[in-house]
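Reading through the structure tokens given below for one structure.
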Amino acid sequence: MTPPPAGSPPSAPKQGLGCLAWLAIVAGILVLMLLIAGVLVWQAVSWVKNGAEPAIASYAPLKLSPGEQEDVDRVVVELYTAKDGKKLLEEYVSPVVFNAVVERMMNDEKRKGTAKPDAPLFVRGAFEGDAFGLKLTAPATDPDKHTVIPNQFFNAEVFFDLEIVDGELVKAEIRNARLKGVDAPWAARKWVNHALNKEREKFKKSDESNKLRAFKLFRREGDRLHVILDGSKFE
């Protein structure tokens, strides 16, 4: 794995269960995205309805160094072969490797024919200033009928802050969201953040109702995502 730049925390030792940290990262982002989508649909229906496009956004091919490619291959193998663990796991995750692993997983699902009709087609994560940016393309869906719209796509961008400590959402704030290059209405963003604050109470519990309880830590540190995961609490 390519070592972190000077000033960044040292890479954690491999413990054979790095896949759990990757799955936890995806789970944390999905939880956030579901909250965003739910509120935006109710608070800005017209923005969502007018956000579909007839073409998929352009995504440049991922360029990986030999070290990054080795790391991607290792993580993908672990994702498909790892067994349940009971250890504390620690990873420093670069956005480049994260993107490559997610892309590989999505392509595997497409080849198997197991991808859902509304599953994202492309995903790219990157640090934007002091926020985390997530760009994605997914088939457009009708917010009223909850059905896929043929030959229409949502090209979305979301910018947010996210920090989890001991299963609790310490920081969860949406900076901005865009569809078709159009910013989400101010009221919608306010409602999203209000909803996230209300959801925080659900993530203070230590029982199975807390879907983030496996997280000991999730936050950005320098140019990496620092993840500490309790394998004994991972579903």
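Tallying residues that are free of Cβ contacts under 8 Å to residues at least 24 places away in the same chain, more than 18 Å from the chain's Cα centre (by Cα) and surrounded by 14 or more Cβ atoms within 10 Å (Cβ to Cβ) within segment 191-201 yields 0. Scanning segment 199-209 for residues that are assigned to a loop (DSSP other than H, G, I, E, B) and either under 22 Å from residue 93 (Cβ atoms) or aliphatic (A, V, I, L, M) (or both) returns no hits.
Inside segment 119-151, can you point out the residues that are among the charged types (D, E, K, R) and either under 17 Å from the mean Cα position of the chain (by Cα) or modelled with pLDDT of 85 or more (or both)? Matches in segment 119-151: 124, 128, 130, 135. Set side by side, the residues 200, 189, 175 differ, and just one is under 30 Å from residue 58 (Cβ atoms) and at pLDDT below 85, which is 189. Every condition in (1) under 29 Å from residue 230 (Cα atoms); (2) in a helix (DSSP H, G or I); (3) not hydrophobic (A, V, I, L, M, F, W, C) holds for residue 135 except the one numbered (2). If I go through segment 207-235 residue by residue, how many of them are polar (S, T, N, Q) and touching a Lys or Arg at 6+ places or on another chain (Cβ under 6 Å)? Of the residues in segment 207-235, 1 are polar (S, T, N, Q) and touching a Lys or Arg at 6+ places or on another chain (Cβ under 6 Å).
Of the residues making up segment 93-101, none is more than 30 Å from residue 166 (Cβ to Cβ), within 19 Å of the chain's Cα centre (by Cα), surrounded by 15 or more Cβ atoms within 10 Å (Cβ to Cβ) and modelled with pLDDT of 80 or more.
Pairs meeting the criteria (first residue in segment 217-230 and of a type in the set (Val, Ile, Thr), second residue buried (at least 20 other Cβ atoms within 10 Å of the Cβ), beta carbons under 6 Å, at least 6 apart or on different chains) are 227/21; 227/91; 227/218.
Residues in segment 157-190 that are of a type in the set (Phe, Trp, Tyr) and either buried (at least 19 other Cβ atoms within 10 Å of the Cβ) or under 16 Å from the mean Cα position of the chain (by Cα) (or both): 159, 160.
If I filter segment 136-156 down to residues being closer than 29 Å to residue 210 by Cβ and not polar (S, T, N, Q), which single residue comes out as surrounded by the fewest Cβ atoms within 10 Å (Cβ to Cβ)? Checked segment 136-156; the qualifying residue surrounded by the fewest Cβ atoms within 10 Å (Cβ to Cβ) is 146.
The condition (being in a strand (DSSP E or B) and over 30 Å from residue 55 (Cα atoms)) is satisfied by just one residue among 212, 196, 225: 225. Filtering segment 211-235 to residues that are within 18 Å of the chain's Cα centre (by Cα) and among the polar types (S, T, N, Q) leaves nothing.
The values are calculated or read from the model by the stated rules, or taken from the named source; none is laboratory data. Since we're looking at a predicted model, the values are computed, not measured. Don't worry about glycine lacking a Cβ; one is built from the backbone with ideal geometry, like all the others, and counts go over all protein chains shown.
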